[in-house]
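Laboratory data are not the source of any read-out in this text; all were calculated from the coordinates shown. Worth saying up front: this structure is predicted, and the values here are computed from it rather than measured. With ideal geometry, Cβ positions are generated from the backbone for all residues, glycine too; neighbour counts draw on all protein chains shown.
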């Protein structure tokens, strides 16, 4: 059971998110930027917003995890330093497992914060596409996908978002260069 706690947590989050999207319907519409005739520029602006949000989430998680997990890490590191040659390998394995546990917790906490931010209205796809003519089922599926995608980008950190911003910027520059006579 303990081995599957992360998967169980993720499944519960996805089910809860699905219920929220279906129940809330139109009230979950993103209020950031209206879709316009320049989708790449809008996408770049949304990625800039997500970059700033991801920086805040990363820093918050760093502080929270340090306060929560630093004591255990320090204790195990002291055990590694104090261990003789026979016990050093076991202590180092314990330290690696503790760090892996911290990384799992950081990812789950980041995804949870990303979901909360996305549910609050900061989204990537909503402002880019206009789905007014779509059915309510399509709109609900789109919002659900938008929330999950945005939460994943925020949880992935600012480096991934920065790379996406650079890619879109390069595409826009190449497009402008080809458009000039």
Rg/Rh of segment 41-175 (Cα atoms, Kirkwood Rh), to two decimals, equals 1.17
Where the centre of each part is set by its Cα atoms, how far does segment 44-73 sit from segment 122-181, in angstrom? 21 Å
Residue order, fewest to most surrounding Cβ atoms within 10 angstrom, among 145, 42: 145, 42
Proxy reagent accessibility, fewest Cβ within 10 Å first, across 4, 51: 4, 51
How do 142, 56 rank when sorted from fewest to most other Cβ atoms within 10 Å of their own Cβ? 56, 142
